[in-house]
Amino acid sequence: MQMVILPPTGEHITLVLMSNAEPSGSREDWFNGLDPAAPFTWRNYELTRQEGQRLTWRLNNQARAYYRKHIARAVTGRGGRQLHANKAGKITGKVVARRQHPPLVARTQLLRLGDHLSHYPGFSGVRKDVFDLYVYSQRVWRSTHPDEPPPAWPYMPYLRYCAPKRARLSDLQEMQHDEN
């Protein structure tokens, strides 16, 4: 059995107990976090199994759909705001439906999205999802702006493997008592 401590959200910390078999006599509610019908989801990520039976995180279905919609809207301008760039490059706009953005505005939006996604954790599943979104953005760009070169997103770094930090439960309990 392993306990994974996920990064905090405000003042809350998420603890995940992982086991390959449900411990007998356990009072915890256990579920299969790798069930394809209902995977374990945390924020915008879901736990999945890669080839070779390795575990990784990837973007969940809602996040991937949101970013695909955002890409399509940024490039084609279908719905949302009609944006313009002034001479200084500042983007301004008003609400107008079904207008295609000028290439400079669409390029700026895609580059901002690429920069945003490059800050996601570099797990192999997340990297693959971001790459798939990049390929989608290139395809939509080429179909909408055939005479303009598509914007290139920044490089997304790998998350280097580091050995997990381990501690015995009794040591953690002693640390908690020392703080009080």
- What order, most packed first, do the peptides 147-154, 14-21 have when packing is the mean number of other Cβ atoms within 10 Å of each residue? 147-154, 14-21
- Between ASP115 and ARG54, what is the FRET efficiency for a Förster distance of 30 Å, r being their Cβ-Cβ separation, to the nearest 0.05? 0.60
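Report the extension gain between LEU159 and TYR136 in nm, rounded to one decimal, defined as 0.36 nm multiplied by the number of residues separating them, less their alpha carbon distance. Please list the in-between numbers first.
Details: separation 23, 0.36 × 23 = 8.28 nm, distance 2.33 nm.
Gain on stretching LEU159 to TYR136: 5.9 nm.
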- Query: If you keep only loop residues by DSSP, which trypsin sites (Lys or Arg not before Pro) in the stretch 1-74 have at most 15 other Cβ atoms within 10 Å of their Cβ?
  - Reply: ARG27, ARG43, ARG54
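In the stretch 7-58, carbon and sulfur make up what percent of the accessible area (probe 1.4 Å)? Mind showing how you got there, number by number?
Details: 2040 of 4200 Å².
Summing carbon and sulfur atoms, their accessible area is 49 percent of the total for the stretch 7-58.
The values are calculated or read from the model by the stated rules, or taken from the named source; none is laboratory data. In this text, all values refer to a predicted model and were calculated from it rather than measured experimentally. Neighbour counts are summed over all protein chains in view; Cβ atoms, including those assigned to glycine, are modelled from backbone coordinates with ideal geometry. These accessible areas exclude ligands, DNA and RNA; they are computed on the full protein's heavy atoms, side chains included. Shrake-Rupley method; radii C 1.70, N 1.55, O 1.52, S 1.80 Å.
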